[in-house]
1. What order do you get for 362, 82 when you list them from fewest to most C-beta neighbours inside 10 Å?
2. For n ≥ 4 DSSP H runs only, could you compute -39500 (n - 2.57) per run for the chain, divide by its residues and tell me the 222 nm figure to the nearest 500?
3. What is the gain in length, in nm to one decimal, between residue 332 and residue 106 on full extension, counting 0.36 nm per residue of separation less the C-alpha to C-alpha distance?
4. By average Cβ neighbour count within 10 Å, what is the ranking of 347-354, 262-269 from highest down?
5. At 0.36 nm per residue, and after removing the present C-alpha to C-alpha distance, how many nm does the segment from residue 465 to residue 325 gain when stretched out fully?
6. Which distance in nm do the two modelled labels at residue 184 and residue 14 give, with both placed 7 Å along the Cα-to-Cβ direction?
7. Share of antiparallel DSSP beta bridges in the stretch 337-577, in percent to the nearest 5?
8. Checking the a/c ratio against 1.5 first, then a/b against b/c, what shape does the Cα gyration tensor give for the stretch 337-577?
């Protein structure tokens, strides 16, 4: 890992792994006894063939067998304890990173959504789980056993040099098999993972748009398009499985062959009188034990590859999205908002959608932001809530830049109603309380009343305890928007940012919206409204007109509207004067 940009992410993962160091050293300690006790079988065979059969002593056989049974019991318990340690090692590693990865994914997803790239949250959660499963898998415990393989091979060489050379040759071939497995299956595994991801993403998109697909009769076309991505993923998966399976099959077959070859060589040396029959059997068993970890690694190489891809993906994620800095908690601010020379370039974008913007808001004011689609209204909303970083300038709340507030605290001070309101699995009350399960009942009801949603909620089957995942599709757009408004008001914000708040509201909802705006202003708060419809700016004292990301007009509402109307009439007269039809329509 030589890229300096990725070092911070790599450092975080290594820090989480260091937190599990105690468990790892304990597993290594248990591995010493596991591997020493693995000698029980070869030594028992050696003693049985050379001592018991030679002396024909039943007492010796019974004593040896009892001792061996005890050693195998101890070995089983020690190996069981080691596996439990490794399972907890993986769980602790995941627990150390769960919150950090989750917050990084949310932050990255909020930036990618506007560009239609998707959040990849499910994929990145699987990346963390892949690393966790690797630590708890047999292939990781085999890594503790592999250093013992040379010791076992040396032990075979002590029996006879020819046996040692045969064992080393067989072990070398298996190691080369593992190396070739890595080289030849890496590309196939990456292609398979990429194709599967594309197929899963397209399938998810089709599920989300099922209503549109069915209503427009797009099922057959959608299936054909999805089938192509599915077949491509299946082909890549089969190709990767074939390559990995070939190496796994070779390693298994070759290990069994080597044990038989060791028996054959041992038998030949017995015939020459250079070793005893017990040594022949013990050498074969010892070779199997020496090669077993290598075979496990080869057979489960897909687990190693998946964990490696997951590790690299997490490194990139954590490096791209640094952890939030520890902030000194500032007191509750006043609704004094200053926007100074603000320039915003969307994440991964190349062109600024807001340029050198200046305006301010004071307590008790409501400011309307108007302009054509694509003028930068939603970009400004994301900048005001801290979702998108600034490329230039600064935004201060009560004199402090937004970056000096912890994101969780900033969300309490700035309520946000996005254009598209999403409801989450949980009760109505939990959705209003921003998914908190330990919410304040009075604050939930108060927020719902301010959003004119209280009566609507009471009509639901279980009131505030109604599970939304079951009925959310039955709610109208206006009802969903009222719940979103209640959620924005739950924290009693000092600043309320509304992005097209009345796009789905009826007259009652629009009246409730205006009443909520009045209430915030009367309590010393401020409101910013991105609007297309005139009803949304009824309570606004000031207007900001955006065009191509720049400020076109700013000032008192009536003055700005009159200036825009004057300009419109002047343009209309000019156009009419240049047309052949008097009074032509613009």
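1. Listed from fewest to most nearby Cβ atoms, that is 362, 82.
2. It comes out at -21000 deg cm²/dmol, rounded to the nearest 500.
3. On the way: separation 226, 0.36 × 226 = 81.36 nm, distance 2.53 nm.
Full extension of this stretch gives 78.8 nm more.
4. Those peptides, ordered most packed to least, come out 262-269, 347-354.
5. Here the segment from residue 465 to residue 325 would lengthen by 46.7 nm.
6. Reported label-point gap for residue 184 and residue 14 is 3.4 nm.
7. 55
8. The shape class here is prolate.
Every number here is computed from the coordinates shown, using simple stated rules; none is lab data. Just so you know, these numbers come straight off a predicted model, no measurement behind them. Every residue, glycine among them, receives a Cβ derived from its backbone with ideal geometry; neighbour counts consider all protein chains shown.
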